[in-house]
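Trainee: Here's a structure for you.
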Amino acid sequence: MRPWQRVLSSGDLEVPSGSISDYPLAKALESLGLSGGGDDIAGPEFKALLDHAKSAEPGINDAILDEIVSSRLKNSYVYLIASVNRVSQLHFGRDLPILLHGYDYPVPDGRGFAGGWGILPGPWLKPTLFAKGFYEQAENIVTMSAIIDRFDSMLADLVQVPGFADFLHFVDLRGTLPTSASLYQDWWANEMHPTPAGFRAIAQKFAATLEELVVPNP
């Protein structure tokens, strides 16, 4: 039995003891959103996913990526989703729709938040790629796309976990923002975050999903 199967079968989930439904805004809840995992495949942790360009098997280390994404992150997501759903059942008497999203394909160009200088966050991708001996941006985009595909595919598969299909919905953001050299900076503010135009494009993906799921209150 896999760890996430033990979590679901044991019912060993911690939930808040108070009543969320006592909060006025909570009564208007129609759906919930879950976002996470990016810090586990970017920044300092990114180094563990790549073998050096001069090593016997350069590039993505499939064994490590599979362990992190398909085991550790999946187990964490299953626990989190099951816990949130349990809270929804206890405090609202129903399964609130949960929207789970992955990430779009980034361009590892070395841009951090507002330039990434000093104490500002970033960059998160290019330093590791260069440290591992990968200097061609076009090839690095392909590498990042492969990692994002593995991560997002794991998230999409969570909908098939027993008991999740009725309330869990995956919002696939891949291919939303351009990565071509002539366009990407209009949509990507830095390596990890969109520009205002990019956020609007992503918001449209969420809006389309919500329109299919949410039934207006009478």
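Values in this text are rule-based calculations from the coordinates and carry no lab data. Only a predicted model underlies this, so the values are computations on that prediction, with no experimental measurement involved. Virtual Cβ from ideal backbone geometry, glycine too; neighbours counted across all protein chains shown.
Trainee: If I stretch the segment between Ala63 and Leu34 completely, what's the gain in nm (0.36 nm per residue apart, minus their alpha carbon distance), one decimal?
Mentor: Roughly 7.8 nm would be gained on extension.
Trainee: For Lys205 paired with Arg94, estimate the spin-label separation in nm (one decimal), with each label point 7 Å from Cα along the Cα-to-Cβ line.
Mentor: 2.8 nm
Trainee: If Lys and Arg each add +1 and Asp and Glu each add -1, what is the summed charge of the other residues whose beta carbon sits under 13 Å from the beta carbon of Asp40? Please list the in-between numbers first.
Mentor: Working: positive: Lys47, Arg72, Lys74, Arg150; negative: Asp39, Glu45, Glu67.
Surrounding charge for Asp40 is +1.
Trainee: Just to confirm a number: summing +1 for Lys and Arg and -1 for Asp and Glu over residues other than Lys205 whose beta-carbon lies under 15 angstrom from that of Lys205, what do you get?
Mentor: -3
Trainee: I want the local charge near Pro121. Using Cβ-Cβ distances under 12 Å, sum +1 for each Lys or Arg and -1 for each Asp or Glu among the other residues.
Mentor: Charge balance in the 12 Å sphere: -1.
Trainee: If you stretched the chain out fully between Asp157 and Phe113, how much longer would it get, using 0.36 nm times the residue separation minus the C-alpha to C-alpha distance?
Mentor: 12.7 nm
Trainee: Within a 10 angstrom radius of the beta carbon, how do Phe206, Phe167 rank from fewest other beta carbons to most? Could you put the intermediate results ahead of the total?
Mentor: On the way: Phe206 15, Phe167 20.
Placing the least packed residue first, the sequence is Phe206, Phe167.
Trainee: Could you line up Thr179, Thr128 from fewest to most neighbouring Cβ atoms inside 10 Å?
Mentor: Sorted ascending by nearby Cβ count, the order is Thr179, Thr128.
Trainee: Are there chymotrypsin sites (Phe, Trp or Tyr not before Pro) in the range 85-150 that DSSP puts in a loop and that have at most 13 other Cβ atoms within 10 Å, and which ones?
Mentor: When the chymotrypsin sites (Phe, Trp or Tyr not before Pro) of the range 85-150 are filtered for loop state and at most 13 Cβ neighbours within 10 Å, Trp117, Tyr135 remain.
Trainee: How far apart, in nanometres, would the label points at Gln185 and Lys47 be if each is projected 7 angstrom from Cα along the Cα-to-Cβ direction?
Mentor: 2.9 nm
Trainee: So what's the range 61-149 giving for Cα Rg divided by 2.2 N^0.38 Å, two decimals?
Mentor: Its radius of gyration relative to the 2.2 N^0.38 Å reference: 1.49.
Trainee: Separate question: Can you list which of the trypsin sites (Lys or Arg not before Pro) found in the range 60-101 are DSSP loop residues with at most 11 other C-beta atoms within 10 Å?
Mentor: Answer in residue order: Arg94.
Trainee: Further, regarding this structure: Beyond 28 Å, how much of the Cα-Cα pair distribution for the range 33-213 remains, as a whole percent?
Mentor: In whole percent, the share of Cα-Cα pairs in the range 33-213 beyond 28 Å is 30.
Trainee: So for the pair His193, Ala146, with labels modelled 7 Å out along Cα→Cβ, what separation do we get in nm?
Mentor: Using points 7 Å along Cα→Cβ, the separation is 3.0 nm.
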